[in-house]
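Read the structure below first, then the notes.
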Amino acid sequence: MSQNNPDFQGELNAVVVGRVQGVGFRYFVVQHAHMLGLHGYVRNDSNGDVEVVAQGTRSKLEQLLTLLQQGPPSAQVHDVQTIWREPTEHVSGFHIRW
């Protein structure tokens, strides 16, 4: 199965750079990931970035990526660095990791 197939089950690892901590970004990600039926987690990095690991179909992951590039109203996203890959571990649900 090709990664260009919208039904391909893959994993998106995204690092969101900007003013993304202390603005509700993680809760924004969890809410939208649940609505899209994705599995994974979101967490703050010590350098001020937010890391997102999401698993699901390519089309749903691309929808999440678009949302990550916008963020919630109080965020200022400067960049989203992405790595696309096959799932590295099984994650149930979508949650905040500390």
Kindly provide the Kirkwood hydrodynamic radius of the chain in Å, to one decimal, from all pairs of distinct alpha carbon atoms.
13.2 Å
Please report, largest first and rounded to whole Å, the three semi-axes of the ellipsoid equivalent to region 43-96, where each semi-axis is the square root of five times an eigenvalue of the C-alpha gyration tensor.
20, 14, 11
In degrees rounded to 10, the 0-90 angle between helix 58-70 Cα long axis and the longest Cα principal axis of the chain is 10 degrees
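Show that you can apply the helix-only estimate: for the chain, add -39,500 (n - 2.57) for every DSSP H stretch of four or more residues, divide by all residues, and state [θ] at 222 nm to the nearest 500. Intermediate results must be reported in sequence, preceding the final value.
Numbers: 2 runs with 25 residues, N = 98.
Computed mean residue ellipticity for the chain: -8000 deg cm²/dmol.
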In nanometres, the difference between 0.36 nm per residue of separation and the alpha-carbon distance of W84 and Q9 is 25.9 nm
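Only the coordinates and a few stated rules stand behind these numbers; no lab work does. From a predicted model like this one, the values you see are computed outputs, not experimental measurements.
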